[in-house]
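Worksheet: one structure, shown below.
The values are calculated or read from the model by the stated rules, or taken from the named source; none is laboratory data. This one's a predicted model, so the numbers in the text were calculated from it and none came from an experiment. Glycine also receives a Cβ, built like all others from the backbone with ideal geometry; neighbour counts cover every protein chain displayed.
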Amino acid sequence: MTTPTEVHSPPTERQSPLATRLGPLRLRNPLLSASGCFGYGEEMGAFVDPGVYGAIVGKSISRLPRNGNPIPRVCETASGMLNSIGLQNPGMDAFISNYLPRMRHYDTVVVVNIVGDSIDEYVQMAERLDREPGVGAIELNISCPNCAVGGMEFGIDPQATETLVRKVRDCFRGPIFAKLTPNVTDIVPVAKAAEAGGADVLSLINTFVGMSVDWRKRRPRLGGVTGGLSGPAIKPLALRLVWLASRACRIPIVGIGGIMNADDVLEFLVAGASAVQLGTAHFVEPRSVPRILEALEQAVQDEGLDNISDLVGTLKTDKKPITIQGDG
Amino acid sequence: MSSSTPQSPTPTPQSHATRPSRVVFNRRVGPGWYTLRLEEATIAQVSRAGQFVQVKTADRSSFDPLLRRPFSVYDVDRERGTYDLLYTAVGRGTRWLADIPDSPGTMVEVEGPFGNTFTAPTDRDSIYLVGGGVGVAPLYLFARELLASRSALPRITLCMGARTREQLQGIDEFRRLSLRCEVATDDGSEGFHGRVTQLFATLAERDREPLRVYGCGPQGMNESLRAIAVERSYPTEICVESLMACGFGVCFGCVLPIRKKPGGDFYNRRTCYEGPVFDARLLHPGIE
């Protein structure tokens, strides 16, 4: 019996040094677009063929359309940016009739990211997507810092995470990604809960909640007051969380957080990610993925590896620290 | 009146330059004001008035400042393959730009052009361009397009506003074109003493011809122009500004509440993708 996954995956050349397995998915390479940073592929088509990506993850879809948050919605910070978009999206009906038909023609795996106010909403959307051809996987956004209800509410609670993932698991046959929030004291219990609930892949991480203040005006720089921090500023934080979760879980991890170039990708793989998503990089350099793919092929060749996945989880932490005697 | 609704261009891979732009000059034209001339044939060829480019304002491998900065295309020389940007050095990105030597050679990463354009008036229209600050940039390119494309010389009035006489940047370039130039300064140091929109309202009232108005300026000016245009039913297009992350429709960071048709509901529409030029009747009142 072929699983829906295999049907939906485009063929990959077995010999390709970048070919990547991500749980049940076989991807052309380990580079995915991060949700909310690639739209549904239409606008990005002016710069890059979605087919060059290992997979594309669409902007979050909710059951009903959402208008999003008040303006201003973006604000630059040191080597990063804050956003408070608030999940503006056309809703599931419009997505299925207006966007998914075009996405089905992309020569890559299409991952549909969904967000709900309640477990029921996630389940309803997953049931609906299960019947739609062309959905390679779903990603559960249980980590958005910019909405009043739903989203991150689930992702900060291991029990709620496990229940939600399990209920979606029961009604969706394809692969499930759980996208987790870094805004927790310890990500490991949440990651383990998503795995226990039946997630196939962990997407780590969504943005860090933060804020920016215009002291002269005595006002926040974002209409939503707080927002999600992304970009190179968060890469060290994201790397640590990927590393921690990869040691605690068996399911593969997609690393996310400030990836701008090939070295960043390789750092995440060594730390334990099987693949990565690029988000903010698209805003700055919309052609980053084809450029990074070239550099990755070169790096794999230079390192004498057969396949890029040989690097996954190869971080060496066994070196004994040098301790110094003294009254320090 | 659907003919007055600006159209979004259909983005095609060909419309976006893949090569960096080469600096021709980076001239200081006033206190804190600069004109940057860049050479890149595609952008010079396809840019139209109202469109903008996204300029990386950091060294090649640096991501700080992270985001590109949007600038309206100020002028183009399609034969030489150059285009101009007008900017004021006010923040980290524009100060980085101002530090580029005023000599040829530096390569700058530029994406674009993005966004829609002003729509053409009819031959009968009396055309008003209302601008302030760096908002005069797209109006200058539009004036040049109008003068180049018309067999009969169009009647164009420029109304330019600034705080002081020194801040009336770009006025000399407009004065070299065949159009009527009227200026307003907040302090009365040149021209009309008051707001440029008051000046425009007075001039427009006396005009007996059908008007067609194009505006671009700071948010306060845009809002004032919108209010006048709606109250007096002047067909008006306004090029709006907003904070942006991507500039090409992906991030939804630059939205403003904008109608899809006059009298319709407001939606959070992208200024970079559905705009930046909108019919004044579509804009939300009171955004300053």
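For this structure, a couple of remarks:
- Test result for A:Asp263, part of a helix (DSSP H, G or I), within 14 Å of another protein chain (Cβ to nearest Cβ) and either surrounded by fewer than 24 Cβ atoms within 10 Å (Cβ to Cβ) or among the basic types (Lys, Arg) (or both): yes
- B:Arg208 fulfils the conditions (1) more than 14 Å from chain A (Cβ to nearest Cβ); (2) in contact with a strand residue (DSSP E or B) (Cβ under 8 Å, 6 or more places away or on another chain); (3) at pLDDT below 95 except for a single criterion, (2).
- Residues in the range B:145-163 that are in contact (Cβ under 8 Å) with a residue 60 or more places away in the chain and within 22 Å of B:Arg78 (Cα to Cα): B:Glu145 only.
- Filter pass, B:Arg144 being farther than 23 Å from B:Ser242 by Cα, more than 17 Å from the chain's Cα centre (by Cα) and of a type in the set (D, E, K, R): no
- Of the residues making up the range A:151-169, those that are part of a loop (DSSP other than H, G, I, E, B) and without any contact (Cβ under 8 Å) to a residue 40 or more places away in the chain are A:Ile156, A:Asp157.
- Qualifying residues in the range A:298-311 (those that are assigned to a loop (DSSP other than H, G, I, E, B) and free of Cβ contacts under 8 Å to residues at least 60 places away in the same chain) - the one farthest from the chain's Cα centre (by Cα): A:Gly304
Here is a yes/no grid of residues against (1) over 18 Å from B:Leu139 (Cα atoms); (2) in contact with a strand residue (DSSP E or B) (Cβ under 8 Å, 6 or more places away or on another chain); (3) buried (at least 24 other Cβ atoms within 10 Å of the Cβ):
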| residue | (1), (2), (3) |
| --- | --- |
| B:Ala41 | yes, no, no |
| B:Val46 | no, yes, no |
| B:Gly50 | no, yes, yes |
| B:Lys56 | yes, yes, no |
| B:Phe63 | yes, no, no |
| B:Leu66 | yes, yes, yes |
| B:Asp75 | no, yes, no |
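- In summary, A:Arg173 fulfils each of the numbered conditions (1) part of a loop (DSSP other than H, G, I, E, B); (2) of a type in the set (D, E, K, R); (3) under 18 Å from the mean Cα position of the chain (by Cα) with the single exception of condition (3).
- B:Ser103 falls short on exactly one of the conditions (1) within 15 Å of B:Thr35 (Cα to Cα); (2) among the small types (Gly, Ala, Ser); (3) in contact with a helix residue (DSSP H, G or I) (Cβ under 6 Å, 6 or more places away or on another chain), and that condition is (3).
- Some residue of the range A:82-98 being within 11 Å of chain B (Cβ to nearest Cβ), surrounded by fewer than 22 Cβ atoms within 10 Å (Cβ to Cβ) and of a type in the set (D, E, K, R): no
- All positions within the range A:61-72 that are within 11 Å of chain B (Cβ to nearest Cβ) and either of a type outside the set (D, E, K, R) or free of Cβ contacts under 8 Å to residues at least 12 places away in the same chain (or both): A:Pro65, A:Asn67, A:Gly68, A:Asn69, A:Pro70, A:Ile71, A:Pro72
- Restricting the range B:218-265 to residues that are of a type in the set (Phe, Trp, Tyr) and surrounded by 24 or more Cβ atoms within 10 Å (Cβ to Cβ) leaves a set whose member that is nearest to B:Thr157 (Cα to Cα) is B:Phe248.
- Members of the range A:47-57 found to be among the β-branched types (Val, Ile, Thr) and either surrounded by 24 or more Cβ atoms within 10 Å (Cβ to Cβ) or away from chain B (no Cβ under 14 Å) (or both), listed by number: A:Ile56, A:Val57
- Within the range A:21-46, residues that are at the interface with chain B (Cβ under 10 Å from one of its Cβ atoms) reach partners that are of a type in the set (Val, Ile, Thr) and surrounded by fewer than 24 Cβ atoms within 10 Å (Cβ to Cβ) with beta carbons closer than 7 Å, at six or more positions or on different chains, in the pairs A:Ala46/B:Thr12.
- Pairs are defined by a Cβ separation below 8 Å, a sequence spacing of at least 6 or placement on different chains, a first member in the range B:268-288 that is within 16 Å of A:Asn67 (Cβ to Cβ), and a second member that is among the aromatic types (Phe, Trp, Tyr); the pairs so defined are B:Asn268/B:Phe252; B:Arg270/B:Phe252; B:His284/B:Phe266.
- Of all residues making up the range B:237-259, the number that are more than 12 Å from chain A (Cβ to nearest Cβ) and either aromatic (Phe, Trp, Tyr) or in contact with a Ser or Thr (Cβ under 9 Å, 6 or more places away or on another chain) (or both): 2
- In the range A:222-240 there is at least one residue that is in contact with a Leu (Cβ under 8 Å, 6 or more places away or on another chain), more than 14 Å from chain B (Cβ to nearest Cβ), modelled with pLDDT of 95 or more and assigned to a helix (DSSP H, G or I).
- Residue check, B:Arg226 modelled with pLDDT under 95, away from chain A (no Cβ under 14 Å) and not in a strand (DSSP E or B): no
- From the options A:Ala281, A:Ala295, A:Ala238, A:Ala248, residue that is farther than 18 Å from B:Asp64 by Cα and under 14 Å from the mean Cα position of the chain (by Cα): A:Ala238
- Residues in the range B:198-210 that are in contact with an Asp or Glu (Cβ under 9 Å, 6 or more places away or on another chain) and crowded, with 20+ Cβ neighbours inside 10 Å: B:Leu199, B:Phe200.
- The one condition in (1) touching a residue at least 24 places away in the same chain (Cβ under 8 Å); (2) away from chain B (no Cβ under 13 Å); (3) not acidic (Asp, Glu) that A:Ser79 fails to fulfil: (2)
- Count - residues of the range B:247-286 that are under 16 Å from A:Arg73 (Cα atoms) and more than 18 Å from the chain's Cα centre (by Cα): 10
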